[in-house]
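Accompanying notes for the structure given below.
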Ligand SMILES: *Cc1c(COP(=O)(O)O)cnc(C)c1O
């Protein structure tokens, strides 16, 4: 007799709404099989409206949006850009694309995001030594906003431009303002694992029309608006397909349900695992409302009796995907030698941190499988 294996539980798989095909059909019927068209225009307008940002540019990825954000701000060789050390590599790769140098900043244990005091003191110090960065890329990690007010105040004081990497935080809020509206420019991702997806895609949002116009120009091969092919800048082919924008619109219409689903999943994990010794879930800071794109926690191995890696291995043996928290970028070989402001908080979060299956389509019985395996170990 063969026992059929339990279906695999993924960390954050794409979820369809059932409306994607209808909108894709509309896009195909319209004949706009191109990296521009009515679905792109509508998707940009809908996201801009939702985020209360006046200007939006749909792009082929969040990484492309980060790259263009830095280019639109004129960041280049010789400049430094401060960013969170606890983030996905794409955040800092964009800094390298433009030839600038990243400076990595440690996390605040209250939110796992940029430590606002460290940013403010660091910028004051950098101002005295003439070492101010051109820009700061703050990340809204795992669906929770950074503490933007003190960070923005410090940046304004020193004339440092602010890019909000909200790739993981569409739908979150900070003091009643939406994630993606908290910087001069903001970046979203619609990669397959994010809260809404176009399979691959991203968006750049801006308060100023000039920066988004500049980014749109660079994203469209930097073609000058004349009859022949005229180029004054190095351009990129970064725009989002009209077909994928149709998928994005179907997904966006489902965003509120998805936020509720991800928050409910995190609440259920807390209910079921919150009593385990040595477990601490990423706190929800009082200044905002997180989506909990991923439910994350740290496990103290001495207290729990098993390490983070042992828990991941145990889940993997049952066909369940869990992952470590991001490895801090100042520990990555590719960024070896980059300056870092402190770093121990992020190092600890990486050493002990786990991301649990959190997809908006995760059913209670599937989540119970995860919970049961984690609890068995205690
Ligand atoms: C996913 C992600 C990105 C990159 O987005 P892509 O659309 O995959 O290029 C950038 N920053 C953070 C924090 C992310 O999680």
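The numbers here are math on the coordinates, done by the rules we state, and not lab data. Quick caveat, the model's predicted, so the values are computed rather than measured. All Cβ positions, even for glycine, are placed from backbone atoms using ideal geometry, and neighbour counts span all protein chains on display.
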Per-residue counts of other Cβ atoms within 10 Å, averaged by peptide: what ranking do you get for 350-359, 242-251, 164-173, highest first?
164-173, 242-251, 350-359
What number, in percent, do you get for the relative contact order of region 19-253 if the mean sequence gap of Cα pairs under 8 Å and at least 6 apart is divided by its residue count?
28
Over region 194-343, equivalent-ellipsoid semi-axes from the Cα gyration tensor in Å:
41, 22, 16
Give me the percent relative contact order of region 255-375, please, defined on Cα pairs under 8 angstrom at least 6 residues apart.
31
Between residue 300 and residue 230, Cβ-based FRET efficiency (R0 51 Å, step 0.05) works out to 0.25
I need the calculated FRET efficiency for the pair residue 149 and residue 267, taking r as the beta carbon distance and R₀ as 30 Å, to the nearest 0.05.
0.65
Please report, in whole Å³, the volume per residue of the convex hull around the C-alpha atoms of the chain.
154
Can you work out D for region 334-374 in µm² s⁻¹ from Stokes-Einstein, where Rh is the Kirkwood radius over C-alpha pairs, the temperature is 37 °C and the viscosity is 0.692 mPa s?
245
Can you give the translational diffusion coefficient of region 264-346 in µm²/s, computed by Stokes-Einstein from the Kirkwood radius over Cα pairs at 4 °C and 1.567 mPa s?
86
At 222 nm, what helix-only mean residue ellipticity would the chain give, in deg cm²/dmol to the nearest 500, using -39500 (n - 2.57) for each DSSP H run of four or more?
-11500 deg cm²/dmol
For 291-303, 41-53, 335-347, ranked highest to lowest by mean beta-carbon neighbours within 10 Å, the order is 291-303, 41-53, 335-347
From zero up to wherever the largest Cα-Cα distance of region 38-124 sits, split into 10 Å bins and tell me the percent of pairs in each.
16, 34, 35, 14, 1
Can you give the translational diffusion coefficient of region 100-258 in µm²/s, computed by Stokes-Einstein from the Kirkwood radius over Cα pairs at 25 °C and 0.890 mPa s?
141
Length gained when the stretch residue 209-residue 125 is fully extended (0.36 nm per residue, less Cα-Cα span):
27.0 nm
Using a basic spin-label model with each label point 7 Å from the Cα along Cα→Cβ, how many nm lie between residue 373 and residue 110?
3.6
